[in-house]
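> Before I ask anything, here is the structure I am working with.
The values are calculated or read from the model by the stated rules, or taken from the named source; none is laboratory data. Predicted model, so just to flag it, every value in this text is computed and none were measured. Glycine gets a Cβ as well: all are built from the backbone with ideal geometry, and neighbour counts include every protein chain shown.
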Amino acid sequence: MDGFDVIWSEGRPAEGGRTTLVRLSPDGHRTELLPPEVNARTTVHEYGGGAWWVRDGVLWYANWDDQRLYRRDPDTGRARALTAPPGLPRGDRYADGDVSPDGRWIVCVRERHVKQGGALDVRNEIVRLAAHEPSTPEVLVSGPDFVSDPRWGPDGQLCWLEWDHPNMPWDGTRLCVGAPGAEPELVAGGPEESVSEPQWLPDGSLVFISDRDGWWNLYRRAAKSSRVEALTELEAEIGVPQWVLGFSRYAVLPDGRIVFARIRDGFDGVAVRLTDGTVADLDLPFTFVQCLRAAEGSSIVLVAATPTAEDAVLRVSLGSESEVARIETLRAPRDLGQFGISQEHISVPRAVEFPSAGGRTAYGLLYNPVSPGFTGPEGELPPLLIDVHGGPTAQTLPELDLDIQYWTSRGFAVLCVNYGGSTGFGREYRDLLREAWGVVDVEDSVWAARWLVDRGQADPARCAIRGGSAGGFTTLAALVWEDVVFSAGGDYFGVADLEAMAVETHKFESRYLDSLVGPYPEARDRYRDRSPIQHVDRFSTPLIVLQGLEDEVVPPNQATMIVEALKRKGVPVAYLPFPGEQHGFRRAENIRRALDGELSFYGQIFGFELPPEEGIEPVQLES
């Protein structure tokens with residue numbers, strides 16, 4: 001929000017996957033703020049987020065090409081670089097900024113890369129620089145391995161989050177407060193408490209999210225006090241893992257009500273904390289909330305989706321207490337009718353629980369095959385895809401995902417697994433993956449397939465497992481250790497060698513495996529034992545591997561290692577490399593080619609023919 005104007009980012013797959021920004025004025029006028037050659041995207045932590053912010057019509061943003069920080073003039077529309085070219089190309093990266101109350105200064109995160117490659121030569125700091133003229137950034141916070149969320153308070157103080165290796169932000173962070181140059185005060189957090197999203201209130205009190213009670217709930221520290229009180233005590237997750245910067249899961253209204261998103265049983269919802277401390281759910285249809293901000297009066301603006309509609313930008317106006325007075329669509333989701341997709345084509349997920357190893361209960365979202373005018377052959381059960389989300393500290397999202405609908409509309413059942421270690425089910429469930437990656441996630445994925453097969457809902461001879469990034473690792477590990485349940489696998493930029501990952505990956509995740517596998521190199525034997533590349537002799541299941549060639553998170557050599565190893569062993573394997581793509585595919589043509597190639601692969605393995613009218617180019621199987 002910028003006054004009464006609403007600004008949002010839009011991904012443009014048809015324009016090379018760039019991110020642009022759109023401003024909506026109260027009169028309904030829309031302005032695209034960036035020219036076609038500009039991509040507002042930062043590579044801080046490699047995953048980015050928080051690449052832009054606004055105040056009084058002025059836009060500040062990080063540009064993808066050079067990672068410098070720019071200021072866009074609201075009168076001329078011209079942009080000017082505020083930061084100097086770094087000594088190393090893209091060596092200084094900026095994100096997660098905030099403008100001082102008097103409008104003179106910016107504080108933001110700067111990630112400085114001293115050498116090309118290598119996690120040890122990266123510094124993460126909070127810097128201050130002039131808001132409207134080029135200047136030399138002044139370092140305000142340095143020393144912690146990571147910093148985020150620098151925010152100006154009403155009295156000129158700053159708050160920020162910081163954490164150190166080997167913790168990730170969902171393991172333990174520290175919320176600090178201090179004047180620039182002064183000794184900081186610890187407000188909350190520590191090595192076993194994850195704090196996120198600090199937000200100042202006008203009276204000087206500070207609201208934040210913490211999981212100190214086992215769930216990410218809202219807390220408040222009173223102004224000029226060290227006392228912290230719980231604002232919500234839900235067995236639900238308001239917070240989400242901080243993979244990207246600049247997200248927002250709650251908004252404080254002028255009358256003191258707090259509107260927030262919360263995850264329960266795998267689905268998002270929106271609720272409000274009333275001024276008397278009670279909490280009430282809002283009557284809203286959304287099952288996934290990407291971002292939520294306070295707007296004018298008693299209203300919020302949010303980016304949200306449902307199982308039958310993609311992300312939309314909406315304004316929700318509240319009446320008294322928890323009454324929803326009005327829902328206004330500011331940017332509608334895509335009209336799928338223009339692609340020939342009707343609601344009859346959409347498979348709506350159902351939350352499921354199923355038993356897993358050791359008496360555990362695991363969770364997931366089940367999508368049954370749906371396609372109007374088509375049915376499976378008489379007496380046949382559908383093929384099954386076990387879809388494994390990335391992270392691994394993340395969850396499958398309950399929003400309309402056309403990638404999943406691609407499969408359900410072609411006769412596949414899809415079970416998206418929230419294996420032990422996933423978020424959305426509390427800290428205890430999240431911690432199940434501590435030193436157990438490659439064990440708990442694999443067990444839950446295998447048991448998910450067996451559970452559906454035993455219930456007569458999937459063809460036992462045509463079960464496949466697929467996943468990207470961490471989900472790609474689970475896919476490979478499952479095919480190594482379970483050669484009966486799955487007869488095919490799809491690996492999107494997955495980890496094949498844990499030891500190489502520990503040594504080669506970027507700073508943000510360079511110690512992630514300490515908690516997932518064990519300290520390295522002390523636990524080197526465990527790394528080798530759980531690495532799929534070390535057990536190719538056990539690998540007999542056909543595999544397709546898809547990889548972006550500019551991936552800094554999981555380098556391409558992870559893909560080529562497993563492909564070459566399977567070729568040498570004679571296991572059928574297909575490989576689709578994508579030049580220009582990073583960790584996750586953004587270009588429309590590549591997204592489509594990846595799905596079509598994977599379908600072609602399953603067709604060859606499961607023995608079905610592709611409809612000739614789709615014009616799918618078959619992938620080449622090698623062995």
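> Picking from Thr173, Thr136, Thr232, which residue would you name as being closer than 21 Å to Trp105 by Cα and modelled with pLDDT of 95 or more?
Selected residue: Thr136, the only one of Thr173, Thr136, Thr232 that is closer than 21 Å to Trp105 by Cα and modelled with pLDDT of 95 or more.
> From Leu610, Leu595, Leu566, grab the single residue that is aliphatic (A, V, I, L, M), within 22 Å of the chain's Cα centre (by Cα) and farther than 22 Å from Thr43 by Cα.
The match here is Leu595.
> Restricting to region 126-139, count the residues that are crowded, with 19+ Cβ neighbours inside 10 Å and assigned to a strand (DSSP E or B).
Adding up the residues that qualify gives 4.
> Follow-up. Only one residue in Leu314, Leu366 is touching a residue at least 60 places away in the same chain (Cβ under 8 Å) and either assigned by TED's automatic domain parsing to the domain that holds Ala394 or buried (at least 18 other Cβ atoms within 10 Å of the Cβ) (or both). Which one?
Leu366
> Restricting attention to region 66-89, report how many residues are among the aliphatic types (A, V, I, L, M) and assigned to a strand (DSSP E or B).
Here the count works out to 3.
> Then there's this: If you check Val545 against the conditions, is it touching an Asp or Glu at 6+ places or on another chain (Cβ under 6 Å), at pLDDT 95 or above and of a type outside the set (D, E, K, R)?
When the stated conditions are applied, Val545 passes them.
> List every residue pair whose Cβ atoms lie under 8 Å apart, where the two residues are 6 or more positions apart in sequence or sit on different chains, the first residue falls within region 455-478 and is in the same structural domain as Pro383 (by TED's automatic domain parsing), and the second residue, located anywhere, is crowded, with 24+ Cβ neighbours inside 10 Å and of a type in the set (S, T, N, Q).
Correct list of pairs: Ile465/Ser445; Ile465/Thr474; Ile465/Thr475; Arg466/Thr475; Gly467/Thr474; Gly467/Thr475; Thr474/Ser445; Ala478/Ser445.
> Let me ask something else. Given the conditions (1) touching a Gly at 6+ places or on another chain (Cβ under 6 Å); (2) closer than 30 Å to Asp454 by Cβ; (3) not hydroxyl-bearing (Ser, Thr, Tyr), report the number of the one that Ala325 does not fulfil.
That leaves (2) as the condition not met.
> A further question follows. Can you pull out every residue in region 369-384 that is in contact (Cβ under 8 Å) with a residue 40 or more places away in the chain and over 17 Å from Val446 (Cα atoms)?
Hits for region 369-384 are Pro369, Ser371, Glu380, Leu381, Pro382.
> Take region 369-404 and flag every residue that is assigned to a helix (DSSP H, G or I) and surrounded by fewer than 20 Cβ atoms within 10 Å (Cβ to Cβ).
Leu402, Asp403
> All but one of (1) closer than 24 Å to Leu365 by Cα; (2) within 27 Å of the chain's Cα centre (by Cα) hold for Ala461, so report the exception by its number.
(2)
> When region 153-186 is examined, which residues are found to be surrounded by 19 or more Cβ atoms within 10 Å (Cβ to Cβ) and in a strand (DSSP E or B)?
Leu158, Cys159, Trp160, Leu161, Glu162, Trp163, Arg174, Leu175, Cys176, Val177, listed by residue number.
> Take the conditions surrounded by fewer than 15 Cβ atoms within 10 Å (Cβ to Cβ) and assigned to a loop (DSSP other than H, G, I, E, B) and apply them to Ser226. Does it pass?
yes
> Output the residue which, of all residues in region 428-445 that are surrounded by 20 or more Cβ atoms within 10 Å (Cβ to Cβ) and of a type outside the set (A, V, I, L, M), is nearest to Ser210 (Cα to Cα).
Ranking the qualifying residues of region 428-445, first place goes to Arg430.
> Which members of region 253-267 meet the condition of being of a type outside the set (D, E, K, R) and either buried (at least 21 other Cβ atoms within 10 Å of the Cβ) or part of a loop (DSSP other than H, G, I, E, B) (or both)?
Leu253, Pro254, Gly256, Ile258, Val259, Phe260, Ala261, Ile263, Gly266, listed by residue number.
> While we're on this one: Scan region 69-78 and give yes if some residue there is surrounded by 21 or more Cβ atoms within 10 Å (Cβ to Cβ) and under 24 Å from Leu161 (Cβ atoms), otherwise no.
yes
> Shifting gears a bit: Filter region 280-298 down to the residues that are crowded, with 19+ Cβ neighbours inside 10 Å and assigned to a strand (DSSP E or B), then identify the one that is farthest from the chain's Cα centre (by Cα).
Ala294
> Right, next: Checking the condition of a type in the set (D, E, K, R) and modelled with pLDDT under 95, which residue from Glu380, Glu435, Glu428 passes?
Only one candidate passes the filter, namely Glu380.
> Take the conditions among the β-branched types (Val, Ile, Thr) and under 21 Å from Gly57 (Cβ atoms) and apply them to Ile106. Does it pass?
Against the criterion (among the β-branched types (Val, Ile, Thr) and under 21 Å from Gly57 (Cβ atoms)), Ile106 qualifies.
> Pull up region 189-204, narrow it to residues that are surrounded by 20 or more Cβ atoms within 10 Å (Cβ to Cβ) and within 14 Å of Trp163 (Cβ to Cβ), then point me to the one that is farthest from the chain's Cα centre (by Cα).
Here the answer is Gly189.
> Quick test for you: out of Gly376, Gly340, Gly319, pick the one residue that is on the phi > 0 side of the Ramachandran plot and not β-branched (Val, Ile, Thr).
Sole residue among the options that is on the phi > 0 side of the Ramachandran plot and not β-branched (Val, Ile, Thr): Gly340.
> I'd like the full set of residues that are part of a loop (DSSP other than H, G, I, E, B), in contact (Cβ under 8 Å) with a residue 24 or more places away in the chain and either within 23 Å of Phe585 (Cβ to Cβ) or within 23 Å of the chain's Cα centre (by Cα) (or both), limited to region 41-65.
Thr42, Thr43, Val44, His45, Glu46, Tyr47, Gly48, Gly50, Ala51, Trp64, Asp65 - these are the residues of region 41-65 that are part of a loop (DSSP other than H, G, I, E, B), in contact (Cβ under 8 Å) with a residue 24 or more places away in the chain and either within 23 Å of Phe585 (Cβ to Cβ) or within 23 Å of the chain's Cα centre (by Cα) (or both).
> Among the candidates Leu498, Leu479, single out the residue that is surrounded by 23 or more Cβ atoms within 10 Å (Cβ to Cβ), of a type outside the set (Phe, Trp, Tyr) and touching a strand residue (DSSP E or B) at 6+ places or on another chain (Cβ under 8 Å).
Of the residues listed, the single one that is surrounded by 23 or more Cβ atoms within 10 Å (Cβ to Cβ), of a type outside the set (Phe, Trp, Tyr) and touching a strand residue (DSSP E or B) at 6+ places or on another chain (Cβ under 8 Å) is Leu479.
> Turning to a different aspect of this structure: Considering only residues that are of a type in the set (Asp, Glu) and closer than 29 Å to Thr19 by Cβ, look in region 567-616 and name the one that is surrounded by the fewest Cβ atoms within 10 Å (Cβ to Cβ).
Top of the filtered list is Glu589.
> Would you please name the residue that is nearest to the chain's Cα centre (by Cα), looking only at residues in region 325-351 that are at pLDDT below 95 and loosely packed, with under 11 Cβ neighbours inside 10 Å?
Looking at residues that are at pLDDT below 95 and loosely packed, with under 11 Cβ neighbours inside 10 Å, I get Asp335.
> To continue, here is another question. Does region 436-448 include one or more residues that are assigned by TED's automatic domain parsing to the domain that holds Glu482, in contact with a Leu (Cβ under 9 Å, 6 or more places away or on another chain), within 22 Å of Val370 (Cβ to Cβ) and in contact (Cβ under 8 Å) with a residue 40 or more places away in the chain?
yes
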